[in-house]
Amino acid sequence: MSGAAISKEKAEPNLTPLLDIVFQLITFFMLVINFANDNYDQRINLPDAGSARPVEDDSRIAQDRLVLNVDSEGRMLKGDRILGIDEAAQAIRHEADLVKLGLRTSGVKFDSAVDTLPTTIILRADKETTFGAVLGIIKACQSQGFRKFALKAMIRS
């Protein structure tokens, strides 16, 4: 009986499963952060604006938006590709088709002749981009049914 009370064995927790979970969570969050930043091309130098304000962070708007990056020469940037006017119009048409397909699969009746697409276009144009180039991208979007636009600028401090 005295042997049981004097036992010197100690129980230590196994931390290996806990460390595995922590590393998996770190990896997951690193991937999510990288995907969220893919839309914002660092090659674009946004114009300065004293009255710029952030786009509303409504969850509906955040899910239903399309970010377009336009460089200083008026070309659209999509990932590593630089798209000319015709290629940009095709890319915008493709995005509109994807939005329309998503609306149809969710059961929303959509008539291209009457209805407008619910997607908000976030336009990030370089400060050296001409107004004509920006207007060309906006017109290409409008011809596909996009009607909501937000222009990005840097807040002047």
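Derivation of every value follows stated rules applied to the coordinates shown; laboratory data play no part. Since this is a predicted model, take the numbers as computed values, not measurements. Cβ placement follows ideal geometry from the backbone for every residue including glycine, while neighbour counts extend to all protein chains displayed.
Please give me the summed charge of the neighbours of ARG93: other residues whose Cβ is under 11 Å from its Cβ, Lys and Arg +1, Asp and Glu -1.
Net charge around ARG93: -3.
At PHE28 and SER143, where each label point lies 7 Å from the Cα along Cα→Cβ, what is the point-to-point distance in nanometres?
Once both label points are built, they end up 4.5 nm from each other.
How much net charge surrounds GLU73 when only the other residues with a Cβ under 9 Å from the Cβ of GLU73 are counted, with Lys and Arg +1 and Asp and Glu -1?
-2
Where in the stretch 66-112 are there trypsin sites (Lys or Arg not before Pro) that are in a DSSP coil and have at most 13 other Cβ atoms within 10 angstrom of their Cβ?
Hits after loop and neighbour filter: LYS109.
With each pseudo-label sitting 7 Å past Cα toward Cβ, what's the ALA150-ALA11 distance in nm, one decimal?
A separation of 5.3 nm, rounded to one decimal place.
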